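The values are calculated or read from the model by the stated rules, or taken from the named source; none is laboratory data. These numbers come from a predicted model, not from an experiment. Neighbour counts run over all protein chains shown; Cβ positions are idealised from the backbone, glycine included.
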Amino acid sequence: MFKNYIKIAWRNLIKNKAYSTINIGGLALGMAVALIIGLWMQDELSHNNYFTSKDKIAQVFQSQTFNGETDTGPAIPRPLEKALREGYGDNFKHLIMATWTNDRYLKYNETSISRSGNYMQEAAPELLNLDILKGEKDGLREINSIMISESTAKTLFGSEEPIGKVIEVNNQYNLMVSAVYKDIPFNNTFNDTEFIIPWEQYLSSNEWARNAVDNWGNNSYQMFVQIADNANMEQVTDKIKDVKKSLNEDSIDFNPQLFLFPMKDWHLRSNFENGKQMGGRIKYVWLFGIIGVFILLLACINFMNLSTARSEKRGKEVGIRKSIGSQRGQLIYQFLSESFLVVLFAYFLAVALVLLSINGFNDLARKEIIFPWSDPIFWAISLLFILITALMAGSYPALYLSSFKPVDVLKGTFKAGKYAGLPRKILVVVQFTVSVAFIIGTVIVMQQINYAKNRPVGYDKQGLIQVPVMSQDFTGKFELMRSEFIGSGAVSQMSSSSAPTTAVWSNYSGYTWEGKPEGFQEDFAWSQVSPEFASSLNLKIIAGRDFSREFATDSNAVLINETAVKYMGLANPVGKYLKDSNEEDPAEPLKIIGVVKDMIAQSPYEPVKQAVFAYDKDNSSNYYNMRLNPDQSAGENLAVIERVFKEHFPSIPFQYDFVDQEYGRKFAAEERIGTLSGIFTALAILISCLGLFGLTSFVAEQRTKEIGVRKVLGASVYSVWNMLSKDFLKLVIISCFIAVPIAYFVMNGWLQEYPYRVILKWWIFALATVGAMLVTVITVSFQAIKAARANPVKSLRTE
Amino acid sequence: MLVQLNNIFKWVQSGGQRIFLLKDINLEVEEGEFISIMGPSGSGKSTLLNVIGMLDAFDEGEYNFLDESVHSLKEKDRSRLYKQYIGFVFQSYHLLDDLTVQENLEMPLLYKKMKSPERKAKVADILDRFNIVAKKDLFPAQLSGGQQQLVGVARALIANPKLILADEPTGNLNSTQSKEIMELFKQLNQEGVTIVQVTHSETNAAYGSRTINLLDGRRII
């Protein structure tokens, strides 16, 4: 019997090629999207699964309150280590101090490479569950050792045995390779930890770090913990939250609250607003999950609609089958197995589509998702997914078709009742509501990105490169290098700064000024710059003057930005002083000599932070900012710069970033969402149109006789086209009325996250509405015009 | 007694009025009979046939089929009875377009849950008997009207029913084809199959052993 059903189903598919293509193709497309989104969600949710004790690992975070605003972050002071180890040690299985992940030059013989890594305490390999390929697990015990990742070992040593080899780090000190560990997979934090050096080494080579041992005010380090097996995160947090406050009186004003930020939240729930955890990427996991379900729903709706639309054709079959002894249950079973067959077919097609597009998707979404061929859970879920889709898509036609009375359909008197088309119409409305809402959403996301992109950055980021110069080799070489680079003709202006132009690395407080309100807790973005900073960036001075090498006093001068002027409440900032608030041993006051335009260093969606650019008198440059010679091509300039660089620093790899590209990266997350939602919207519309196309062709076919009679009576092609299109257009207009308020509500909510945001304009909604109607008319017209132009004699003769 | 209808009424409600499709029909069909139902269009011939065939319900009266009272049977039992004893032949053949001749013939047997070897044997048997072995792999659309109806009759017959109900079986056929089919019915009847046919044609009605005349849902003598 089943074989017979399959046979009929198969022949039906073959016979109605257009219908089958629309049905299977549309469903496959919907399923492929749902599958890809499913894989993406799985990837997001399994972030950090590499770490076997994921549930027990946490990073210690700190919230502090300045002027009523609470900042939360991972930076903690060194004395906290001792306080936790001594006072609360039995709550932790492992506790490690670590630096920030940073680039270091690793050199072996003639090979010199730049890799990112950390300085960490001894328990790191345990906590990170490192898979040691060679060497010893406790490879951080000796101060002069280094653990490196497999790929780092391969690049440095090739096929040579890495263990015991000596690597020179940043031209500063030599370390012996004690272990090689398997690379931490892409989908994990610490994926960019390509080497680990003992924390002790960090302390011994950095005096300020050594000195910070009792300094509660220096929040510059990270601490990772694995809590004891019988402990739980909340309880430990409760115990440690006030440790800093109780041991460090100076900090009470800022109310420092310590807490454990669990590893399972690192990736998806990492936003903090005013000290409260406020979600994060999990929002997008939900968003895309919903999109996936909707797109699958659209495809299922097509299937349902096309099946019921064909009901009058299949109705005869139902009648015959019933008249030769079929029961209703058997018919339901038959239609469900047909639906299952189609869904199965679509599924395999969808898998093929996924395989074809997974690489492209990975590039777009910055993922390394591989198709889980060997994962039984995946296949089990797939089977469930197929069954559910088959039921979803097939149940309505199955129940509807099988309910036909044989006498009615066989006598040919069967006419679908007045309301038989109603569910179909409702489904079309649902489809277009989703599509129109998607269109509006995508347009608004794109607009917001463009709006932020077009925001003036305050300086000229074109033709500007930044070269990291963090190694000690560069110390004191700025003047020399500046004259060398400018002399080479490749660079027209050059400055140094302690932070890149596209980020804020330091925030300072501890200053007073004339008119500072009592109790005001100041906080400035701070960068030390060479005198040419403004001129190399083409950063406009809007009051006062730039630094000058002519004035020796400028070594105690600063530039501030426009926002800082407002922030400090200064009417005439130029000539005012920033004084050290430490009264016992004050540093020299800093004179404000000029005001520069606001320059976007952080998020392009946020207001610019109050910033101070101080004259760099202690060689604290981390970046060279070079304005390339505009008369030559960038390629030529870079070749020259690299040659000059290599002459002076032969053992350091030449690295650089174009500032405009670096700035562009700030949009990466939003652009990814924009691109993906654009693609999904296009697919949603395509699927909806496929369905509409199929539906029109059936309606046209059903009404062939009516059209024939009308034409014989003198109807024009236009009036027939109008008659067929009007019905569908009505549905789409209803959809628009439903979609517009929903989209407005959702997108308005999304935009609230961005302080710098585009204003929603009515024409976006109008555009989406008109677009949807246009697409409908075009889709419907294909069939409508064909039906309208058909020769009536032919259609009438078939009766 | 194969079929016994006592005071059968069937009506539809239209604007507060009952319009009778069948009015007080009494009919007995003995095994081995060949009955023709005649009457003008709309007189209720097909309705009566469908009621006998259990495809259609009635509103009042009693219907006994082989001493089982159909009116009080459940849907499932009715279906069982029907599958076992009744075969239908339609004016417009009503073969399944997507199945070949052979597969169309197999269909009723599938619904009777007959095992495959037995099914194959029966199909081969009837193909042979109706002389359509050569056509077994063709689809209905590839056959002439007469041939399609031949398959229609063969399908009605394949499950060895006691009663064949034919609703204007020759209505779509030309006179030669028409004659062939009627000859076939006659032969089947001689072999013991009970037949009730609806027809417009006096010639066809003459093949039967007796004729029932209907007018406006009523039997007229």
Among the residues that make up the stretch B:86-99, is at least one of them polar (S, T, N, Q) and under 30 Å from B:ILE19 (Cβ atoms)? yes
Of the residues that make up the stretch A:238-255, is at least one touching a strand residue (DSSP E or B) at 6+ places or on another chain (Cβ under 8 Å) and among the small types (Gly, Ala, Ser)? yes
Filtering the stretch B:20-44 for residues that are over 12 Å from B:ARG218 (Cβ atoms) and either within 12 Å of chain A (Cβ to nearest Cβ) or modelled with pLDDT under 90 (or both) leaves a count of 2
Considering only residues that are closer than 19 Å to A:ASN188 by Cα, touching an Asp or Glu at 6+ places or on another chain (Cβ under 8 Å) and not in a helix (DSSP H, G or I), which ones fall in the stretch A:235-268? A:PRO262, A:HIS267, A:LEU268
Note on the stretch A:574-599: residues surrounded by 14 or more Cβ atoms within 10 Å (Cβ to Cβ) and not charged (D, E, K, R) are A:VAL574, A:TYR577, A:LEU578, A:PRO589, A:LEU590, A:ILE592, A:ILE593, A:GLY594, A:VAL595, A:VAL596, A:MET599
Residue pairs qualifying under the 8 Å Cβ cut-off, at least six apart or on distinct chains, with the first in the stretch A:660-673 being within 17 Å of A:LYS283 (Cβ to Cβ) and at pLDDT 85 or above and the second being among the basic types (Lys, Arg) and surrounded by 15 or more Cβ atoms within 10 Å (Cβ to Cβ), are none
Does at least one position in the stretch A:4-16 carry a residue that is surrounded by fewer than 20 Cβ atoms within 10 Å (Cβ to Cβ), in contact (Cβ under 8 Å) with a residue 12 or more places away in the chain and more than 13 Å from every other protein chain (Cβ to nearest Cβ)? no
Within the stretch B:107-128, identify whether any single residue is surrounded by 19 or more Cβ atoms within 10 Å (Cβ to Cβ), facing chain A (nearest Cβ under 8 Å) and within 15 Å of the chain's Cα centre (by Cα), and answer yes or no. yes
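Per-residue answers, yes or no, for (1) at pLDDT 85 or above; (2) out of contact with any Cys (no Cβ under 7 Å at 6 or more places or on another chain); (3) buried (at least 18 other Cβ atoms within 10 Å of the Cβ):
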residue	(1), (2), (3)
A:GLY280	no, yes, no
A:PHE303	no, yes, yes
A:ARG321	yes, yes, yes
A:SER326	no, yes, yes
A:VAL342	yes, yes, yes
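Condition check: acidic (Asp, Glu), at pLDDT below 85 and under 30 Å from A:ILE593 (Cα atoms). Does A:ASP618 satisfy that?
So A:ASP618 fits the description; yes.
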Considering every residue within the stretch B:148-165, establish whether at least one is among the charged types (D, E, K, R), more than 10 Å from chain A (Cβ to nearest Cβ) and buried (at least 16 other Cβ atoms within 10 Å of the Cβ). yes
Can you say whether B:SER178 is among the hydroxyl-bearing types (Ser, Thr, Tyr), surrounded by fewer than 16 Cβ atoms within 10 Å (Cβ to Cβ) and more than 15 Å from the chain's Cα centre (by Cα), as far as the supplied structure shows? no
Top-ranked residue in the stretch A:208-224 [being assigned to a helix (DSSP H, G or I) and among the hydrophobic types (A, V, I, L, M, F, W, C); ranked as surrounded by the fewest Cβ atoms within 10 Å (Cβ to Cβ)]: A:TRP208
Would you be able to say whether some residue in the stretch A:349-365 is touching a residue at least 60 places away in the same chain (Cβ under 8 Å), among the hydroxyl-bearing types (Ser, Thr, Tyr) and crowded, with 17+ Cβ neighbours inside 10 Å? no
Is the stretch A:330-343 home to any residue that is more than 14 Å from chain B (Cβ to nearest Cβ) and outside any helix (DSSP H, G or I)? no
Hey, A:PHE728 hits all of (1) within 29 Å of the chain's Cα centre (by Cα); (2) in contact (Cβ under 8 Å) with a residue 40 or more places away in the chain but one; which does it fall short on? (1)
Regarding A:GLN462, is this residue surrounded by fewer than 20 Cβ atoms within 10 Å (Cβ to Cβ), closer than 30 Å to A:ILE685 by Cα and not assigned by TED's automatic domain parsing to the domain that holds A:TYR624? no
Among the candidates A:ASN23, A:ASN49, A:ASN91, A:ASN67, which residue alone is more than 14 Å from chain B (Cβ to nearest Cβ), of a type outside the set (A, V, I, L, M) and under 22 Å from the mean Cα position of the chain (by Cα)? A:ASN49
Would you kindly identify the helices (runs of 4 or more DSSP H) lying entirely within the stretch A:363-469 that contain at least 1 residues that are touching a helix residue (DSSP H, G or I) at 6+ places or on another chain (Cβ under 7 Å) and within 14 Å of another protein chain (Cβ to nearest Cβ)? A:376-402, A:406-411
With respect to A:VAL565, determine if the residue is surrounded by 15 or more Cβ atoms within 10 Å (Cβ to Cβ) and without any contact (Cβ under 8 Å) to a residue 40 or more places away in the chain. yes
What about A:PRO755, is it surrounded by fewer than 13 Cβ atoms within 10 Å (Cβ to Cβ) and assigned to a loop (DSSP other than H, G, I, E, B)? yes
Just to verify a result, which residue in the stretch A:269-286, among those that are touching a residue at least 12 places away in the same chain (Cβ under 8 Å) and part of a helix (DSSP H, G or I), is farthest from A:VAL430 (Cα to Cα)? A:ILE282
Meets criteria (surrounded by fewer than 19 Cβ atoms within 10 Å (Cβ to Cβ), assigned by TED's automatic domain parsing to the domain that holds A:GLU701 and under 19 Å from A:THR681 (Cβ atoms)) for A:ILE778: yes
All but one of (1) crowded, with 21+ Cβ neighbours inside 10 Å; (2) within 30 Å of B:THR203 (Cβ to Cβ) hold for B:PHE58; state the number of the condition that does not hold. (2)
Just need a number here: residues in the stretch B:67-105 that are more than 10 Å from chain A (Cβ to nearest Cβ), free of Cβ contacts under 8 Å to residues at least 60 places away in the same chain and not in a strand (DSSP E or B). 11
Test A:GLN59 against the stated conditions and say whether it is modelled with pLDDT under 90, touching a strand residue (DSSP E or B) at 6+ places or on another chain (Cβ under 9 Å) and either surrounded by 15 or more Cβ atoms within 10 Å (Cβ to Cβ) or more than 30 Å from A:LYS244 (Cβ to Cβ) (or both). no
